1. Can you name the condition, by its number, that Arg271 falls short on among (1) open to solvent by 60 Å² or more (accessible area, probe 1.4 Å); (2) more than 19 Å from the chain's Cα centre (by Cα)?
2. Just for the range 233-245: of the residues that are modelled with pLDDT of 95 or more and among the polar types (S, T, N, Q), which one is nearest to Val168 (Cα to Cα)?
3. Out of Asn159, Asn116, report the one residue that is assigned to a loop (DSSP other than H, G, I, E, B), under 23 Å from Arg207 (Cα atoms) and either out of contact with any Ser or Thr (no Cβ under 7 Å at 6 or more places or on another chain) or open to solvent by 60 Å² or more (accessible area, probe 1.4 Å) (or both).
4. Kindly indicate which of Thr135, Thr85 is of a type outside the set (Phe, Trp, Tyr), touching a residue at least 60 places away in the same chain (Cβ under 8 Å), open to solvent by 10 Å² or more (accessible area, probe 1.4 Å) and in a loop (DSSP other than H, G, I, E, B).
5. Would you point out the residue of the range 241-251, among those that are surrounded by fewer than 24 Cβ atoms within 10 Å (Cβ to Cβ) and under 16 Å from Val190 (Cα atoms), that is farthest from the chain's Cα centre (by Cα)?
6. Can you name every residue in the range 246-270 that is in contact with a Ser or Thr (Cβ under 9 Å, 6 or more places away or on another chain) and under 19 Å from Asp303 (Cβ atoms)?
7. On the basis of being within 30 Å of Lys184 (Cβ to Cβ), modelled with pLDDT of 95 or more, hydroxyl-bearing (Ser, Thr, Tyr) and over 18 Å from the mean Cα position of the chain (by Cα), does Ser230 make the cut?
8. Tell me, which residue of the range 195-231 that is part of a strand (DSSP E or B) and open to solvent by 20 Å² or more (accessible area, probe 1.4 Å) is nearest to Cys95 (Cα to Cα)?
Amino acid sequence: MKHVTVFGQRGVYAGWPANHGAWQWGDEFLVGFMTGPHTIGAMHNIREPYAKVLARSLDGGDSWTGENPTMDFSASETSPAPLVTLDADAIIRVCGRYDHGGYDAARHGGFYLSMNKGRSWQGAYAFDGLEHHFTGKNQNTSRTCVLDDMIFLSAAQRNCWGTDYVFVAKHDGRFFHEHGIVYKGLGRAVMPRAARVGDRLVVVMRRLGAQYDGGWIDAVFSDDDGKTWSAPQLVGMTGAHNGNPPALIELNGSLYCAYANRSDCEMRLSRSEDGGETWKLVALLREHGDSDIGYPQLFKRSDGQLVCVYYWADTYEDCQRIEATIFRP
């Protein structure tokens with residue numbers, strides 16, 4: 001394994017890549033995260049003003065360069081989406097209501113478009129066609145999860161933490177059309193990540209509820225292109241402090257899910273070789289004392305290695321950064 005620093009600056013807190021999107025084109029990777037002045041105190045030692053920034057790698061994650069987009073990605077006000085044809089360079093970034101940087105989003109959320117690999121952005125645009133999920137008592141709690149023409153979103157009851165559920169919509173170039181409920185049941189289900197393996201769709205989700213002592217990751221799968229979904233299958237435990245979201249990627253017919261156990265301060269990797277039906281812990285990507293760690297994104301290099309990007313937060317301002325681990329699974 002090889003560990004590299006994506007971003008680290010004394011006096012600056014940087015966190016939560018899973019909240020801010022990840023995209024790739026071959027060995028060119030782009031990942032979002034948030035920064036703010038560092039303050040000594042609780043586990044999330046960040047204070048305003050927040051900045052939602054990007055880091056780009058052109059060499060498969062060996063080196064990274066920071067980028068400061070002109071957009072603030074708050075989606076506090078949205079307009080109807082333009083008619084667009086999404087091509088290989090086009091990406092969507094979703095903004096919803098959640099802690100640390102999501103409070104300013106409109107209750108129905110929104111998204112931004114980039115037609116040039118994230119170098120410039122336009123928006124924010126509304127989720128035209130999905131308003132029924134984000135009106136009345138509900139609000140959008142989504143992070144970015146796009147696969148082909150599908151977008152995986154979450155909604156929750158306003159002022160009722162832990163009621164999030166996950167659904168999937170398809171994008172036709174202008175409007176979104178609801179395609180299926182991925183999971184809505186007992187306990188919180190939020191921050192989905194999706195991958196295809198063969199003809200099967202697999203989604204992993206951040207979970208929290210009364211079923212376990214602490215958080216966990218569940219997987220569900222669909223064999224009819226997302227219309228119906230299986231019962232949840234346990235991937236791994238994410239520990240205390242509200243658990244941890246997953247990252248998911250397919251490699252050579254196997255699925256790899258990265259997540260942190262925040263109680264044990266470990267970045268973990270689980271693998272499924274049967275399309276998401278069963279999972280096995282196969283590696284510890286990082287261990288580090290009493291740090292807060294996680295919120296990963298996964299990339300796949302052309303040489304067959306994987307790259308896991310995550311945040312790493314110690315109490316001290318010079319030990320807080322965005323890290324990447326390059327490894328061969």
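The values are calculated or read from the model by the stated rules, or taken from the named source; none is laboratory data. These numbers were taken from a predicted model, which means no experiment stands behind them. We place every Cβ from the backbone using ideal geometry, glycine too, and count neighbours over all the protein chains shown. With ligands, DNA and RNA removed, areas are computed over all heavy atoms of the protein, side chains included. Shrake-Rupley method; radii C 1.70, N 1.55, O 1.52, S 1.80 Å.
1. (2)
2. Taking the range 233-245 first, the residues modelled with pLDDT of 95 or more are 233-238, 245.
From what is left, the residues that are among the polar types (S, T, N, Q) are 233, 238.
Details: Gln233: 19, Thr238: 24 Å.
The residue in question is Gln233.
3. Only one candidate passes the filter, namely Asn159.
4. On inspection, the qualifying residue turns out to be Thr85.
5. Among residues in the range 241-251 that are surrounded by fewer than 24 Cβ atoms within 10 Å (Cβ to Cβ) and under 16 Å from Val190 (Cα atoms), the one farthest from the chain's Cα centre (by Cα) is His241.
6. Answer for the range 246-270, where residues must be in contact with a Ser or Thr (Cβ under 9 Å, 6 or more places away or on another chain) and under 19 Å from Asp303 (Cβ atoms): Ser254, Tyr256, Ala258.
7. Answer is yes for this residue.
8. Leu208
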